[in-house]
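**Q** Sharing a structure, written as structure tokens. Questions coming.
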Amino acid sequence: MESKRPYFAAIVSQIIFSGMSLLSKAAFASGMNTYVFLFYRQAFGSLFLLPLTIFFKRKEVTSLSLGEMWKNFMQASLGFTLALNTYGIGVNYTSATLGAAAFNCLPVTTFLFALILRMEKVNIRKTSGMAKVGGIVLCIAGVAVLAFYKGPYMKPLFNYHLFQTHQKSHLSSHKTWIIGCFFLLVSCISWGLWIVLQALVLKTCPSPLVLTCVQTLSSAIQSFVVAIAVERNPSQWKLGWNIRLIAVLYCGTFVICIANSLSSWVIKKKGPVFQAVNTPLNLIFTLIGSEFLLNDGVSLGSIIGAMLLVLSLYSVLWGKRKEMSCGNTENKSDSAPQEKELIVHHI
């Protein structure tokens, strides 16, 4: 049961992230500014996390050095402020489904940065290395299809939805669609680098709760500076009893307090690549949710691109698994002669 907990935590986090894609899209379609939305969700998340962190992890919080605080502040600017702002703009210009599909680039970008930082290895002479390289190529192809080919638009299966957003993403201009895809790609690159660096930061700051709290609070401060500089209209800062408040509360509680903490815990237990390889679940849950919650169909190009991204993901995953199995076999064969020598020496 203990070994299955990371799998369960990864699945739950992807379900929560799919809800973030759907509710964020609904809030943006209602006219909410993306920068203001990000500030509110980080601020609400900080209000929930700060008392819990002080109550349960007071010693860990007080023991943080200035260097560790600075690392977390920079991590927040990369994995929260930059990644979430670009993700929000990308979803606003495209669709919730495409935003979830873009998450499938995350394992490949994570793997690339892990490779650059020598946390992963590739041997192109072996099938495992060829699978990893092939996965990167498929990822690039999937991104290209998503950006430059839309194809026929497929209407939603249901005519009645919980949130009538009246979104016309399928009628948006080709230029706007490409801009949205570009921002989603930047978001995935930023998140990929954040995941790899998060594994390094967790070595000096072992508590995922403390890490999430400090980075969320830092991001709230950064997001406020960005939002106040971009949006000066007071009406955009008002929250009523509508989809905007629902989206902010959901992201502030479930996404920040639960999903982000679970993600940090999974990264600590199983490594950065393990967390990233579960991202196709986000697309599946978002596609199902879009049919019931949003008046948001999907284009043929999005389906083809998403399939290529999923194939790229599992190509990299298969290569990594093959590499690990070969490594275990080699270790066993190397240890066998040593065991024989010890037995002979003992006799």
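The values are calculated or read from the model by the stated rules, or taken from the named source; none is laboratory data. Note that this is a predicted model, so its numbers are computed, not measured. Note that each Cβ is placed from the backbone with ideal geometry, even for glycine, and that neighbours are counted across all protein chains shown. Ligands, DNA and RNA are excluded from the accessible area calculation, which covers all protein heavy atoms including side chains. Shrake-Rupley method; radii C 1.70, N 1.55, O 1.52, S 1.80 Å.
**Q** Just one of the numbered conditions (1) in contact (Cβ under 8 Å) with a residue 24 or more places away in the chain; (2) more than 17 Å from S264 (Cβ to Cβ) is not true of F55; which one?
**A** (1)
**Q** Still on this structure, I have one more. If only one of S325, S312 is within 22 Å of K132 (Cβ to Cβ), at pLDDT 75 or above and open to solvent by less than 70 Å² (accessible area, probe 1.4 Å), which one is it?
**A** Of S325, S312, the one residue that is within 22 Å of K132 (Cβ to Cβ), at pLDDT 75 or above and open to solvent by less than 70 Å² (accessible area, probe 1.4 Å) is S312.
**Q** Mind listing just one residue for me: the one in the stretch 29-55 that is touching a Gly at 6+ places or on another chain (Cβ under 7 Å) and closer than 22 Å to L82 by Cβ and, of those, surrounded by the fewest Cβ atoms within 10 Å (Cβ to Cβ)?
**A** Checked the stretch 29-55; the qualifying residue surrounded by the fewest Cβ atoms within 10 Å (Cβ to Cβ) is F44.
**Q** Right, here's the next one. Tally up the residues in the stretch 99-130 that are open to solvent by less than 20 Å² (accessible area, probe 1.4 Å), at pLDDT 80 or above and over 30 Å from G301 (Cβ atoms), please.
**A** 0
**Q** Applying the selection to the stretch 1-27, what residues are over 15 Å from T286 (Cβ atoms) and aromatic (F, W, Y)?
**A** Answer for the stretch 1-27, where residues must be over 15 Å from T286 (Cβ atoms) and aromatic (F, W, Y): Y7, F8.
**Q** In the stretch 237-255, how many are open to solvent by less than 40 Å² (accessible area, probe 1.4 Å) and more than 12 Å from the chain's Cα centre (by Cα)? Spell out the reasoning first.
**A** Our first condition is that a residue be open to solvent by less than 40 Å² (accessible area, probe 1.4 Å); within the stretch 237-255, this holds for 240, 243-245, 247-248, 251-253, 255.
Still in the running and more than 12 Å from the chain's Cα centre (by Cα): 240, 243-245, 247-248, 251-253.
Number satisfying all stated conditions: 9.
**Q** Select from the stretch 56-82 the residues that are hydroxyl-bearing (S, T, Y) and more than 21 Å from the chain's Cα centre (by Cα) and write down the one among them that is most open to solvent (accessible area, probe 1.4 Å).
**A** T62
**Q** Do you know which residues across the stretch 230-266 are assigned to a loop (DSSP other than H, G, I, E, B) and modelled with pLDDT under 80?
**A** G240
**Q** Out of the residues in the stretch 1-20 that are modelled with pLDDT under 80 and in a helix (DSSP H, G or I), which is surrounded by the fewest Cβ atoms within 10 Å (Cβ to Cβ)?
**A** From the stretch 1-20, those modelled with pLDDT under 80 are 1-4; that's our starting set.
Going one step further and asking which of them are in a helix (DSSP H, G or I), we end up with 2-4.
Details: E2: 5, S3: 7, K4: 8.
Only one residue fits best here, namely E2.
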